[in-house]
Amino acid sequence: MIRLDPLAASPLAASPATPPNVPAWALASAGAPNDADAAFQAGAALGALDVLARTQPAWTGAWRQRLALKCAAASMRLAGRAEDEAALRDAWQLCPVGADPGPAGAIFAAWRQLALQPPPATADRLEKIVEMLGLAWDGAALADLCTEIEKLAGSQRPAPFVAAAIAARVVAMRPDAELLAWWLADLALAQSLRWLRPLPLLMAQAFGSAFRTEAGGRRIRPGEKGFERAVCLALVQAAAEACRLAAELSRRAEKLLAVAPKLRAKGAGDVIFLLLSEDAVSGSLTTKNLSRFATRRLFERLQHLDAVRELSGRSSFRLFGL
């Protein structure tokens with residue numbers, strides 16, 4: 001199920017310098033930082049991530065979709081489901097365009113949409129998202145949420161606190177809608193920071209140490225005591241992981257683009273574009289210029305050149321990506 005990102009950069013576009021890293025001092029975990037320290041560390045981490053969020057390197061589509069996959073996998077635990085990243089890839093890739101991808105695939109689709117579309121929320125957009133997340137919500141209440149997001153994003157509050165506030169608001173209104181709370185937290189964060197598009201970040205940290213009352217303790221849910229501080233610490237970890245992923249994909253994209261002139265298959269450029277734009281590409285892809293057999297030979301060539309990875313571990317219906 002391939003859907004191109006209309007804002008993705010050309011595969012032949014040059015990537016920027018090495019992606020930034022979150023400063024080591026912001027990641028220091030000695031002792032329990034107080035609220036002010038946590039906010040300061042989050043600011044440093046988001047400063048590094050802001051550079052990536054505002055650029056359009058050739059591999060930005062694949063990066064965003066990998067982040068969406070990680071958040072979707074964490075969502076499965078919150079939704080009481082067992083699918084991991086591999087199962088979610090299959091749910092998406094095995095589903096024909098326009099068909100129902102199932103509950104897990106629909107949740108994945110919600111995170112993919114977050115990574116693709118600009119942050120402003122509308123009631124119509126949120127109606128579709130809550131349906132994807134398996135929820136039902138009154139349209140008037142969703143319109144009120146959109147107004148609240150606009151109000152918070154336009155305030156002078158730091159972005160992590162805006163994200164925390166909207167998540168807490170959602171859970172206060174509907175305790176069963178925590179999935180939507182995390183989705184909107186990332187959207188509100190992006191809107192507050194004036195990013196072109198949101199980055200799926202916080203859901204992947206929801207079961208991590210930042211949201212634990214103590215080592216292995218109870219999970220801090222949106223709106224509970226210490227939640228704002230936990231969001232700040234979670235954003236430090238999320239930004240660090242996103243920067244590391246960006247550095248990894250940047251290296252792999254550089255290798256892929258370096259071997260591009262060696263590919264003689266007509267339509268190879270389309271496949272390179274997909275590899276740079278998507279988390280995974282089917283090994284049986286067909287295009288106007290490539291038959292299924294030609295695609296298989298192209299991916300064999302790319303594997304031989306160490307320019308792609310096989311992601312499924314299967315001998316049939318194989319999936320490839322950076």
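Among the residues of region 133-143, what is the count of those that are within 18 Å of A163 (Cβ to Cβ) and without any contact (Cβ under 8 Å) to a residue 12 or more places away in the chain?
Count: 0.
Would you kindly identify the helices (runs of 4 or more DSSP H) lying entirely within region 18-120 that contain at least 1 residues that are more than 28 Å from G313 (Cβ to Cβ) and over 16 Å from the mean Cα position of the chain (by Cα)?
24-27, 35-53
Within the set of pairs 6+ apart or on separate chains, which have a first residue in region 284-296 that is in a loop (DSSP other than H, G, I, E, B), a second that is exposed (fewer than 15 other Cβ atoms within 10 Å of the Cβ) and among the basic types (K, R), and C-beta atoms under 9 Å apart?
S284/R292; L285/R292; T286/R292; N289/K266; L290/K266
Do any residues in region 240-251 that are under 15 Å from A53 (Cβ atoms) and of a type in the set (D, E, K, R) have Cβ atoms under 6 Å from those of residues that are modelled with pLDDT of 95 or more and crowded, with 22+ Cβ neighbours inside 10 Å, where the two are at least six apart or on different chains, and which pairs are they?
none
Residues of region 202-244 being in a loop (DSSP other than H, G, I, E, B), within 18 Å of the chain's Cα centre (by Cα) and surrounded by fewer than 14 Cβ atoms within 10 Å (Cβ to Cβ), which ones?
F207
The values are calculated or read from the model by the stated rules, or taken from the named source; none is laboratory data. Quick caveat: nothing in here was measured; it's all calculated off a predicted structure. Neighbour counts are summed over all protein chains in view; Cβ atoms, including those assigned to glycine, are modelled from backbone coordinates with ideal geometry.
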